[in-house]
Structures are given as C-alpha cells and as structure tokens.
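Here the structure is laid out as structure tokens; the discussion comes afterwards.
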Amino acid sequence: MGKWASSIFFTSGSGSLQQFRWAGGFHFSCFDFFVGDSFPPSIFLVMEECRAIIPTYEGEEHVVAAAHHMVKALMAKKKIMNRESKQLMIWDSGSKQVLEYLQAVEEVQTLKESLESLSLNGGEKQKRLLRQAESILQIAMVRLEEELLHILRHKKQSFEPEFASFHSCEEVVVYEESIVSVEDDISEDSSRRDSNGDESKEYTIGLINPEVIPHLKSIANVMFASNYDQEFCQAFIGARKDALDEYLGILELEKLSIEDVLRMDWGNLNYEIKKWIRAMKIIVRVSMLRLLNFGEAVAIGQHLPEKLFSLLNMYEALADLLLHIDALFSEEAGASIRIDFHKLQRELGDAAGATFMEFETAIASYTSTSPFPGGGILHLTRYVMNYIKILTEYSNTLNLLLKDQNGEDPEPLIEAENAQGVPSQVVCPVAHHLRSIASLLESNLESRSKLYKDVSLQHIFLMNNIHYMVQKVKGSELRGFFGDEWIRKHMVKVQQRVTSYERTTWSSVLSLLREDGNSGSSSPWKMILKERCRGFSIAFEEVYKNQTAWSIPDPQLRDNLRILTSQKIIQAYRGFIGRNSENLSDKHIKYSADDLENYVHNLFEGSPKSLNNRRK
Amino acid sequence: MPATEYQGSFLGRISIRRNQIASMDGNHEQDLEDLEIFQKHVADRFSDLLSASDATADASVDPLLSIAWLRKLLDVFLCCEAEFKALVFMGRDPSHIARPPLDRLIPELLERVVKALDVCNAVTHGVESVRHWHKLAEIAVTALEQRPIGEGQVRRAKKALSSLVASMTVEDKESINSKATERAWSFGRRGSKDRIAGQFRSLSWTVSKSWSAAKQIQLMLGNIAAPRGAESTGLASPVFVMSIVLSFVTWTLVAAIPCQERSGLPTHFPIPRQLPWAQSIIGLQDRIGEDWKKKEKKGSAGLLEEMQKMEKLGQSLIEFADSFHFPAEPERVEEVAAQVTELAETCRKMEEGLGPLQQQIREVFHRMVRSRGEMLDILDQAGKVSSPIM
C-alpha cells in the first residue's frame, strides 16, 4: 500500500489544485484503510467529502503534510496490529523491531493529538478516525505493559559478591554475643547452615540490570505521553514489590506472627534474629547504594539556576541524616558507604555553590535587542527578586557553602551598626552576593533602558523596575540582608527617575505656558497665546497617545505620577487659561482643564488611546 | 494517658478517690459505681456508632463498615481502652490486682491482645491491597470520563476493572501459593481479553501460610465468660467488658478488610444478650454477622463499604463494556455516567480515608503494645505471677 500511495502522490503534481484533489482524495482513502482493513475504494472521490476531513488549513502545504502524516500513521497501525499475532516479545526481537514499534506508537499518538485539536470543527469521519486511533493506542499500551513486566521479571541483576563476604564476617560478630555455651552449639550449627547456603547459592536479586534502563525509559516515555501513566506505575510498582518479596524469601526470612515469636524458644529465636540482622543490613545497604547513585547523578548534572533549590534541599536533608548514617555503618565494613555519603554531601554543596555562581553570571548575560513594551517590569527582574527571596530560606547553608568556596571571607563576618548601635545590616557571604546580584540586575536594567528611544520611557522603565526591587526587599526577609541604607538609597533613585521623567516629558511643554511678564490684549500677543494654546494641546495629545500605552504596574506609583502630572501641568494650564481668558475664546481652547484632568487618569494604563480627531 | 479521652468529672472523681483509699483494700461501693460509669460510657459510644450507621436521609451519616465509620470505631476503642486502664490499674496496689480472679483473667486478656496485634498487622497490609484496587478503579474512572466514549477507552476501563474484580474474588487460600502469583504473571494468553495481568498482590506478604485471622478470632472468643456471682461486682467485670470490646473491634476489622484466611470467621459472640451495656455491640454484631454470612458464599474479599461499592460498580461497568458498540445509546451513556460518578466519589473517599485509617490502625497497635507492657510491669511488681505470661 505504501509504495502505491507514494507513487500516486508524487507523480500527480500538475498544478496546485490537482495536487489538492489528489492529496485530499488520498487522505480520504487512507482514512478508510485506517478505519477498516479493506482495500481502499477508488481515489476519485467527491471533493466535498475530502474537504469534510481536511480542516481549515491555509495553503496546500498543510494538506500535503496531513496526507503524508496519514501514510505514516497507516503503516504504524499495521505494525502495531501485526505484532499482536507474534509470539516473541518485542524487546527480545532486537533493537530494530523495538525502535520501529515505538515509532509506530508515537505516530498514532501524534495523529490522535492533531485530531483532538481539530475535533471541534471536525465532522463525523474525523471523529471516527480519532476513535480508531485511540483504540489502536490502547492495544499498543497493553502490549507495552506486557513488555515492561517481561523486562522487569527476566532481566535481573545478579548478586554482588561484596555482600556475601560482608555476611560471613558479620556472622563472627554475632557469634560472640551468644552467652550460654549450650546455645553456642545451636548457633554454631545454624551459622554453618547459613554459610553453606550462601556459598553455593547464586543470588539473582531483583535489582534492575542497568542495561535495561534505557528500555524502561523508552516505554515510560511513550506510555506517559499517551496518558497511560497510571498503568505504567501500577505495573512497575507491582513488579518491584514482587521482586522484593522474592528477595526476602531468598534471605529466608520466615513470616512469623507476633504470637509465634513470643512463644519461640531461645535457640530458634537467636537464629531468626541473626537472619533479621543480616537482612536489615543488606536491604539498607542496597537502598543506600541506590540513593547514593541518584544523589551523585543529580550532583554532577548541569548547573541550571532552577536546580539550586533542589540541590540545597538535598544537601540539607543529607546534612541532617549523616549522623544516622554514621551510626548505622559504624563498623569497618560500612566505611565505604559512610565515606561515599560524606563525599556526596560535599559534591552537592559544590554543585549548589557553582549553580549559585552561574545564576549570578547569567543575570548579566540575559540581554535583549528589543525594548520591553510599555516600560513595565521585566520578567528578569521578577524572576531574580523572587529567586533571591526564596534563597534567604537557605541562608545558613549557603553561608557555609560560600565560605568554603571562597576560601576566605570576602568581608569579615561582622555586623555594621548605625548610630544607635542597632545593627543596620548584616555582612555575610550571602548578603554580599545578594547585593552584588542586585547590582548586576541594575546594570542590566540600565543597558536595557537605553533600548528605548524615548528618554521619558527610559526613566519610567527604570523607575518601575527599581521600585519593584525596593518593594521586594522591604517586604521580605531580604530586608535583613540588604539593610535600610540600601533601601533608602534606592528609594532616592526611584524618586530621581520620577523627577527626570517629569522634566523630559513636560519641561518644554511647560515653557509654553509661561508668560514672562507679558500681558495685555495686543494682537500679536493674542496670536502668540493662541499658538501657545494650540501647541500645548498638540503636545498633550502626543504625550497622551504615547504614554497611555506605557505601563506602571504598581498602583501607588501610578497614582503618584498622575497626581504629580495633574499638580504641575494641569494646574499650570488652568492658571494659564484663567489668566488669559479675555484673550482666548472658546474655539481656541480645545480642552478644558477638567477635561485634561480626566485624561490624565488614562496615563500609564498600558492600553494606548488617542485624542486625535476630537472636535469641540 | 491523655486526660482528654474521658469525661472530666470521671477523671476528677477517680483520682480523688484513689488518693483517699490508696492504702486500703479498695472501696467496694466505689468500684461498683465506677464500673457502672465505665459500662455506661461503653454503651453510649457504641450506641453512637450504631446510630451513625443508620441509613437515613442524612448525608453526613457514615455507612456501616465504611472507612469513616471504621475510623470512628477505632477511636471508640482507644477511648474505652484508656478508661479501662484507669479503672482497673490506676492508683491500685499491684497485689490487689494479682489476686484471683484477675491473676488468671489479666493474662488471658493479654493473650487476646497479642492476637489482636497480629490482626492489626495483617489488616494494615490488607489496606495496601485496597489501595491497589483503588488505583485500578481510578484508571477506569479516567477512561470512562472521556467523551465521546470510544472502544479504546472502554477496553482500557474493562482491563482495569477485570483485574480489580478478579483479585477481589479470588479465594484467600490461592493467594498463599506463590506459584499462583507466578501463573497470574505469565503472558501465555496473548489475545485473550480477560487476563489478570500480574497485578494481583499476595495477601501472604506479611503472614505465614498457616496463619488464619478467623482462627485467631475464634481463639480470642473461646474463653471469654461473663463473670458470675460475687465476681461480677469486682474487677472481673471491667476485664470482661474490655475483652468483649477488644474482640469485637478485632473481629470487625477482619470482617471489613481483606486479610488472610477468613473462612470460618465466627458470627456468634458469647455475650449474654440481656446485658444492658452490650446492646449496641450485639446490634452491630448481628448486622455485620448477617452481611458476612451473605457475602461469604460469594467468597468476597471483605465487607468494607467502599470495596463493596467498587465491586458492584465494577461488575456493572464490565457488563457495559462487554456489550459496548459505538455509538452507545444516550440512555446507556447516562446510566454509565452516573455509575462512573459514583465510582469516582468512592475513589475520592478512599483517597482521603485510607491513609488516616492505616495510621489509626498503627496507633491502636502501639497503644496496645504500650498498655500490655504496663500491665506486665504491674503484674511483675505484684510478684504473684504463677504461669508464664505472653
């Protein structure tokens, strides 16, 4: 079917309409083949029916792509259905078969997804197709579940000899605990029983052979992508539980009730206890090794900023537990595990430290070539401030880690005091780094602001962002690290930006409203006044047009600026109009002061408005 | 013992009394009064349980043997146990306790406690099985909530539900044999639609093949006898009350939650039916016993209300799945939707309640361990222990 289909497809193309027809018809026929298993009917079908399945894509390329897609899904279905009749497990049949099967499943999955997103507009045929895809997907999922269980059951790790040797030396220790000589004989017997058993047995415990992990991952990925994660988890967990049960059986742990144990005679009890101790140690060690492996894997991973909190959590968890680990593995045989976990803690600490540094450098490199629309708060600003806010929760740990990293303190660990002798800021590695992070952010903001052509907008942008930083510091644990001095300084900066904004926006406009001692009703003066008035209106309109689109997210700041504008500009205008009322008639005054008051309220809303074309 | 577990006035009274008569032999009248109060509290608590399970229109009521009701039952047990200890042991001279008939009755009670401990362990594991079934039910709910209902999702739901129902109805005995588990695992039947794809959890996870919950209950009930004559006014009575309460709670847990070997579970309690404080217990026991007899024939996994619902709804939905052809008739779809909603609600209750239930069972376990230890200490002090105590 495949070859025939592609030959029709590629030899047809004379003119796009023709291609459309062929593609459409082909699409439709593939659909029929997909849904049923019969040979497709004639390709020459009514266009309406083709259009029914082909959604409102623009352009024939999409149609072509859709048709191509159908071919693949078709072949996928064939593969999946064929597999059902075979006896051999897919994963035993070689990696090529595996790959093909997984690709087939992904094809059907993709088809299903694209149909789902179209199903709102789709007609009956499309819905049927979707159902079919789901049906085939379910068959594939059942199959994959079987494969998963097969792999888990039959590909096990063989027993590591390290455990066997530990076991035999441990027996000697327990020996010495038995007190009565009579019981020595019993325990001697039982231990002989034990060691004989161990030497001859080849334990295949349920540890997963590392070779099969990629297989498990590929099955997991496919099953999760198809929303069959519940089935995967059930199967996986079930298999692991059974493996553990089997393993406990190998350890010959009897299933004893409490009543049984209470009634037991000392000889048997001693024997059971020894088995218990052995089992505990082996299981605990096995689990510990697994945990160690995972921890190491995380520690050597990429130093992405978002990983920092996880690393710190792991570090802290481990720090709490190391005492217990040391106690658990206090004897000689456990030394390697102890050492490994201490090492892991150091590695996690280093990774956390390095990630923190990466974060700092990342801030400087986070640039853009286009200005942030509306002059509002950058995502970077929010991200960085929230990030360091959370970091304060880990300040104790971080201080330790950063101290180790730098070797020596960059600044002595003292508390600077203000005049009243109250500590006004804490100087520790974390505080030092947080303040440098803030500086880096500020530099970045400065450069970003230069991207705005309008100088007023530069000021608004910086005002917004620095204000945000100040608010975040004031309202959180960061206050302790930055200190009141920093807050004060930056509030001053915000104020400076406000002032600069006022100046750049309005100073030239304000000069229009100054009379410079002129007065009277002379004709030229009247002309000047009219011109001034007109000029003011135009300037105001211009500002209005631009600055309604600007955004000041903080409500208080927004109100402040509006009030400021109102006080300085509108009042000046009001005065101007009032003083020159004889010289200016209504038709010269486009806007009343009250009108302007109202318009000022629209400034900095973030949605552009315009006052043009307004006639009185 | 936390004072909050019993009425303030009761505690106040016995502590004053104890201080007054610490060196004396024990005020007989005071004992009688205390015993009556204890019995009344027991009666009240179980009466609450009985009325809480009455199927009325009140939506906040907890059906008999639902997770919520069982949790209440365990709370009641802890309260009764605390009161019992205060009544019998607090402030008394140990030698007073080691006299007949207590020197025989207390050790017997402690033997029952040990059996109850084993039952707690078995039942804890049983709750794990219930969790497993809950997850299967959730798969079915997810699948059947899709609209429109297609063959793929229906088959998916059916697979999960078949596994659920099958493992619920398998006889306990089969679960012991690990070979059975292996068989359930095999993939020989490719293409067959109703296999149990190795999801079945063995109930013999924690207990040996020969352990039987039913047997343990039988033994617990075996030597309980109501005190007669002069003994009925002494401390033998509260011990009898506590033994009944302990046995009843243990028996209820076994009836409700899957655990190994419940065939032969006794449905008759050796309580004289005219005892006033025991009326509610007898009432509950009768009801649960009836339900048990009905279900035993079908080999059901347990009377837990949520489990029963899952089984019933599961079977009904399997039937729907078997007869499903696309498109389903709207009335059918509506019917199924209602059942799926009910199943989803049951799942939600399990999601919320199974964890706390397990925790409570552990709490009961630890409390019994502690109390047993305390009682053994007291008996040791008395030094009059004649036979080895368990």
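The values are calculated or read from the model by the stated rules, or taken from the named source; none is laboratory data. Being a predicted model, the structure only gives us computed values, none of them experimental. A quick note on method: Cβ atoms are made from the backbone with ideal geometry, for glycine too, and the neighbour counts reach across all protein chains shown.
So for the stretch A:383-395 (the condition being under 30 Å from residue A:284 (Cα atoms) and at pLDDT 90 or above), does at least one residue qualify? Lay out the reasoning, then the answer.
From the stretch A:383-395, those under 30 Å from residue A:284 (Cα atoms) are A:394; that's our starting set.
Retained after the next criterion (residues that are at pLDDT 90 or above): A:394.
Looking for residues that are under 30 Å from residue A:284 (Cα atoms) and at pLDDT 90 or above, one finds at least one in the stretch A:383-395, hence yes.
Give A:237, A:250, A:273, A:277 a once-over and let me know the one that is under 24 Å from residue A:212 (Cα atoms) and away from chain B (no Cβ under 12 Å).
Details: A:237 fails: away from chain B (no Cβ under 12 Å); A:273 fails: under 24 Å from residue A:212 (Cα atoms); A:277 fails: under 24 Å from residue A:212 (Cα atoms).
The conditions single out A:250.
Can you tell me how many residues in the stretch A:220-233 are buried (at least 21 other Cβ atoms within 10 Å of the Cβ) and at the interface with chain B (Cβ under 9 Å from one of its Cβ atoms)?
Summing the residues that are buried (at least 21 other Cβ atoms within 10 Å of the Cβ) and at the interface with chain B (Cβ under 9 Å from one of its Cβ atoms) in the stretch A:220-233 gives 2.
Return a yes/no flag: does the stretch A:279-293 have any residue that is under 24 Å from residue A:391 (Cβ atoms), within 33 Å of the chain's Cα centre (by Cα), part of a helix (DSSP H, G or I) and among the small types (Gly, Ala, Ser).
Initially, the stretch A:279-293 is screened for residues under 24 Å from residue A:391 (Cβ atoms), giving none.
No, the conditions are met nowhere in the stretch A:279-293.
Pick from B:309, B:295: which is under 23 Å from residue B:157 (Cα atoms) and of a type outside the set (S, T, N, Q)? Break it down into steps so the answer makes sense when it comes.
Numbers: B:295 fails: under 23 Å from residue B:157 (Cα atoms).
None of the others qualify; the one that does is B:309.
Could you give every pair whose Cβ atoms fall below 6 Å, whose first residue belongs to the stretch A:132-145 and is in contact (Cβ under 8 Å) with a residue 60 or more places away in the chain, and whose second residue is not in a helix (DSSP H, G or I) and not aliphatic (A, V, I, L, M), counting only separations of at least 6 or pairs across chains?
Close Cβ pairs (under 6 Å, with a partner that is not in a helix (DSSP H, G or I) and not aliphatic (A, V, I, L, M)) amount to A:137/A:226; A:141/A:228.
If residue B:115 satisfies every condition in (1) buried (at least 20 other Cβ atoms within 10 Å of the Cβ); (2) farther than 22 Å from residue B:260 by Cβ but one, which is the exception?
Here residue B:115 meets the rest and fails (2).
With the stretch B:60-147 as the region, which helices (runs of 4 or more DSSP H) entirely inside it contain at least 3 residues that are in contact with a Pro (Cβ under 7 Å, 6 or more places away or on another chain) and more than 14 Å from chain A (Cβ to nearest Cβ)?
Details: elements: B:67-89, B:94-97, B:102-144.
Result: B:67-89.
Which condition number does residue A:582 fail, the rest of (1) closer than 30 Å to residue A:469 by Cα; (2) among the acidic types (Asp, Glu); (3) not in a helix (DSSP H, G or I) being met?
Exception for residue A:582: condition (1).
Within the bounds of the stretch B:74-81, is there any residue that is among the charged types (D, E, K, R) and at pLDDT 95 or above?
Going through the stretch B:74-81, the residues among the charged types (D, E, K, R) turn out to be B:75, B:81.
Right, trim to at pLDDT 95 or above and you get B:75, B:81.
Checking the stretch B:74-81: at least one residue is among the charged types (D, E, K, R) and at pLDDT 95 or above.
Please go through the stretch A:253-265 and give me each residue that is more than 8 Å from every other protein chain (Cβ to nearest Cβ), surrounded by 14 or more Cβ atoms within 10 Å (Cβ to Cβ) and under 22 Å from residue B:369 (Cα atoms), ordered by number. First the steps, then the outcome.
Narrowing the stretch A:253-265 to residues more than 8 Å from every other protein chain (Cβ to nearest Cβ): A:253, A:261, A:264-265.
If we keep only those that are surrounded by 14 or more Cβ atoms within 10 Å (Cβ to Cβ) as well, we get A:253, A:261, A:264.
Residues satisfying the conditions are A:261, A:264.
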